[in-house]
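Enquirer: This structure is in structure tokens; I'll ask about it shortly.
The values are calculated or read from the model by the stated rules, or taken from the named source; none is laboratory data. Just so you know, these numbers come straight off a predicted model, no measurement behind them. Cβ placement follows ideal geometry from the backbone for every residue including glycine, while neighbour counts extend to all protein chains displayed. Accessible surface areas use protein heavy atoms only, side chains included; no ligands, DNA or RNA. Shrake-Rupley method; radii C 1.70, N 1.55, O 1.52, S 1.80 Å.
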Amino acid sequence: MNQPSARTRKLAAVMFTDMVGYTALMQTDEADARRMRIHQHAVIERMCREFRGTLVQNYGDGNLILFDSSVDAVRCGTAVQKILQREPVVPLRIGIHMGEVVLDDDGVYGDCVNVASRIESLSIAGAILISEKVNGELQNQPHCVTVPVGEYRLKHVTNPVKVFAVKADGLPLPDSTTVHSAKATLLRSIAVLPFANMSSDADAEYFSDGITEEIINALVRIDGLRVTARTSSFAFKGQNVDLRTLGRQLGVNSILEGSVRKSGNRIRITAQLIDTADGFHLFSETWDRDMKDIFPVQDEIARDVAGMLEGDLHAAFAERGPAPEPAVNFSAYQYYLKALRQLHGLTPHSASAALEFCNEALRIQPGFALAYSAMSSALLLLGVSGRLSTRDAYTRARQSARRALAIDPDLGQAYIAIAGARAFQDWNVPAAIRAIRKGLSRSSGEVALHAMHATLLSISQEHELAVEEAQYALRLDPLSPAATLDYATTLFSARRYGDCLDVIASATVSAEVDSSFRAIRGWINLFRGDYESAQSDFEYCRARNGMQRHALAGLGLLHALLGLHSEARDYLAALMRHPSVATEQGMHLERAMVHLGLAEIDEALQQLGHAAEQRSAELLMLENIPLWDGLWGDARYERLINRMGLARHHAHAARLAGTPMPQGIYAGTRP
């Protein structure tokens, strides 16, 4: 009986090579084809030895090679191509990507391998194409110069991939006009700037902003078009910025701008589509409509944009079919737009205001799908933040989302509420992921769906995929503090602390996320044993609104680890006096952390149990925090993990249990 082959996982740079025209040459001159194949194999084997590559598979005219370093992979590929440009010339294509691969006796597998293969198929003879992930590893390598080639949707790859070409003497430099493949499609991209409010009423600016956002939402649903999210587009509101410069900042090749004039029940929308490469106006149009036609005109604008950018985008829009066109009550629509503006505040206070506006909209027009969708988002935020009881918030959010989707199944935000309820109320993370993926199939470019997907993948210990999703969300919304925070949080959950700190250090500081970044940095410093820096970070957060519970928990744990038990208990008392204790959240998870630092395991587990009873959302992230690793083996802790449906990750947690931690967490001794 054959024994199963041993499997190993590792991070690697994957290089694919392939000879251009080899099959045709074999038919016309078999001997010459074989000489070329032997020559290229000899060169690749020699360069692999020089640049520390491992030739894993040799398949006729192609090769699959693994490297521990992306820099080594690019340097090896460059050396190979330069040699093969000399006589006897071998027309070789090379593609490189990096990520986690699985190796066994039969070969190498993984999404990373598939992506590298697809990138190689895009290339031309003599060139090297690399993914954005590899390109990021080359930023501090002056001898490795690259140029962008475009963003592509690759066959059997979930998210679009930005592709770069290696620039070196003697190597041809492909661009988006010379690369092509049946397995990839060049992705068009657009940013929609805030439409100017031309109404006589200055207070109606929320209306022009809302129209802009609804046009963004209509464009987001078009497969093959990457749309910059609202936060980044609105960062330029009121600014006179050169559109070509703005295109480079946002990474888009087209921009839509315009204005909205509202007068009574009539509306006039003007829009101009500009190519960011040369500033050329692709079209300029005006739409005069009655307010009852507001939904059709938004779809019409999206359809016209798709038609101007690319014929196949227009076809994709047509295949999706027209959006539902209910008769809209003007007053209800205005309340919805006011709710939309409040939701972008991302605070419990703004969520409460959004909920009130949604209730008003639905009072006027009970079957208003957009208002139900916005309501589901507000309720989800109030539940996660603890301002409403989790049971009440998640139940109502799910009901509102289902009502929205029954009317319009393309409303991406509603799928987020469904997924949130599935994960945080039902503790059914697989079902939550299915809900998000259904939303992505309807609205693949919606940044919030990708961000939620990343969170759920982190909970499921699919950390590499989670980081890729968070990266893509940030690409959709490159100037968003919230998207940057989500990316940093995903890296933190993956225990990639160095990368997380790099993101925090390079992030644009804003009041919205400053304290959150400092809290993450404080936990990393604490986990690494740098207590002085951790205390500074937590004290900073304590002085600011919104992060006190993290600060109090961190400071309490810190003092417990330092053997200052009286001070640690003072922080426990402060947690029990915190306003959130009056809600269903109860600060149980935070109190458990301090008890753990005091080596009071029974009390810590009791608090975790209370948090579980109240469905604390953060409880699902226990396995991503090294603080709890030492509890594996305690039957009470494992029962809790089983209860949350996370037991399938035991092996993963055991593998991570070796993460260096400060001494004393479980022994109660001073480090």
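Enquirer: Tell me which of these Gly60 doesn't satisfy, since it passes every other one: (1) modelled with pLDDT of 85 or more; (2) on the phi > 0 side of the Ramachandran plot; (3) out of contact with any Gly (no Cβ under 9 Å at 6 or more places or on another chain).
Expert: (1)
Enquirer: So for region 163-172 (the condition being modelled with pLDDT of 75 or more, part of a strand (DSSP E or B), farther than 25 Å from Val90 by Cα and in contact with a Leu (Cβ under 7 Å, 6 or more places away or on another chain)), does at least one residue qualify?
Expert: no
Enquirer: Scan (1) buried (at least 20 other Cβ atoms within 10 Å of the Cβ); (2) at pLDDT below 80 for the single condition Ser181 breaks and write down its number.
Expert: Among (1) buried (at least 20 other Cβ atoms within 10 Å of the Cβ); (2) at pLDDT below 80, the lone unmet condition for Ser181 is (1).
Enquirer: Is there any pair with a first residue in region 284-310 that is under 18 Å from Asn265 (Cβ atoms) and a second that is in a helix (DSSP H, G or I) and modelled with pLDDT under 75 whose Cβ atoms are under 7 Å apart and which are 6 or more apart or on different chains, and what are they?
Expert: Every condition considered, the pairs that remain are Met291/Phe330.
Enquirer: If you don't mind, there's one more thing I want to ask. So which helices (runs of 4 or more DSSP H) stay within region 244-344 end to end and still have 3 or more residues that are aliphatic (A, V, I, L, M), at pLDDT 80 or above and in contact with a strand residue (DSSP E or B) (Cβ under 8 Å, 6 or more places away or on another chain)?
Expert: The helices (runs of 4 or more DSSP H) meeting that bar number zero.
Enquirer: Let me ask something additional. Could you identify the single residue in Ile44, Ile38, Ile96, Ile83 that is surrounded by fewer than 22 Cβ atoms within 10 Å (Cβ to Cβ), closer than 19 Å to Leu171 by Cα and of a type in the set (Val, Ile, Thr)?
Expert: Sole residue among the options that is surrounded by fewer than 22 Cβ atoms within 10 Å (Cβ to Cβ), closer than 19 Å to Leu171 by Cα and of a type in the set (Val, Ile, Thr): Ile83.
Enquirer: Could I ask something else about it? Report every pair of residues separated by at least 6 positions or lying on different chains whose Cβ atoms are under 7 Å apart, first residue within region 523-542 and surrounded by 15 or more Cβ atoms within 10 Å (Cβ to Cβ), second among the charged types (D, E, K, R) and at pLDDT below 90.
Expert: Asp537/Arg518; Tyr540/Arg518; Cys541/Arg518
Enquirer: Any chance you could count how many residues in region 543-558 are aliphatic (A, V, I, L, M) and open to solvent by 40 Å² or more (accessible area, probe 1.4 Å)?
Expert: Final tally of qualifying residues: 1.
Enquirer: Go over the candidates Ala417, Ala431, Ala435, Ala423 one by one and state the one that is in a helix (DSSP H, G or I) and out of contact with any Lys or Arg (no Cβ under 8 Å at 6 or more places or on another chain).
Expert: Of Ala417, Ala431, Ala435, Ala423, the one residue that is in a helix (DSSP H, G or I) and out of contact with any Lys or Arg (no Cβ under 8 Å at 6 or more places or on another chain) is Ala423.
Enquirer: Let me ask something else about it. Which members of region 626-656 meet the condition of being modelled with pLDDT of 80 or more, aliphatic (A, V, I, L, M), surrounded by 17 or more Cβ atoms within 10 Å (Cβ to Cβ) and farther than 19 Å from Arg422 by Cβ?
Expert: Leu627, Leu631, Leu640
Enquirer: For region 375-397, which residues satisfy the criterion of being buried (at least 24 other Cβ atoms within 10 Å of the Cβ), in contact with a Gly (Cβ under 8 Å, 6 or more places away or on another chain) and touching a residue at least 40 places away in the same chain (Cβ under 8 Å)?
Expert: If the condition is that a residue be buried (at least 24 other Cβ atoms within 10 Å of the Cβ), in contact with a Gly (Cβ under 8 Å, 6 or more places away or on another chain) and touching a residue at least 40 places away in the same chain (Cβ under 8 Å), then Leu380, Gly383, Tyr394 are the ones that fit.
Listed here are the residues, each with its yes/no results for (1) of a type in the set (Lys, Arg); (2) in a helix (DSSP H, G or I); (3) touching a Lys or Arg at 6+ places or on another chain (Cβ under 7 Å); (4) open to solvent by less than 20 Å² (accessible area, probe 1.4 Å).
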residue	(1), (2), (3), (4)
Leu457	no, yes, no, yes
Ala470	no, yes, no, yes
Leu474	no, yes, no, no
Leu485	no, yes, no, no
Thr489	no, yes, no, no
Phe492	no, yes, no, no
Ala505	no, yes, no, no
Thr508	no, no, no, no
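Enquirer: Only residues that are open to solvent by 10 Å² or more (accessible area, probe 1.4 Å), assigned to a loop (DSSP other than H, G, I, E, B) and within 26 Å of Ile436 (Cβ to Cβ): list them for region 116-162, please.
Expert: Correct list: Lys155, His156, Val157, Thr158, Asn159.
Enquirer: Another question about this same structure. Take region 191-228 and flag every residue that is in a loop (DSSP other than H, G, I, E, B) and open to solvent by 10 Å² or more (accessible area, probe 1.4 Å).
Expert: Leu193, Pro194, Met198, Ser199, Ser200, Asp201, Arg221, Asp223, Gly224
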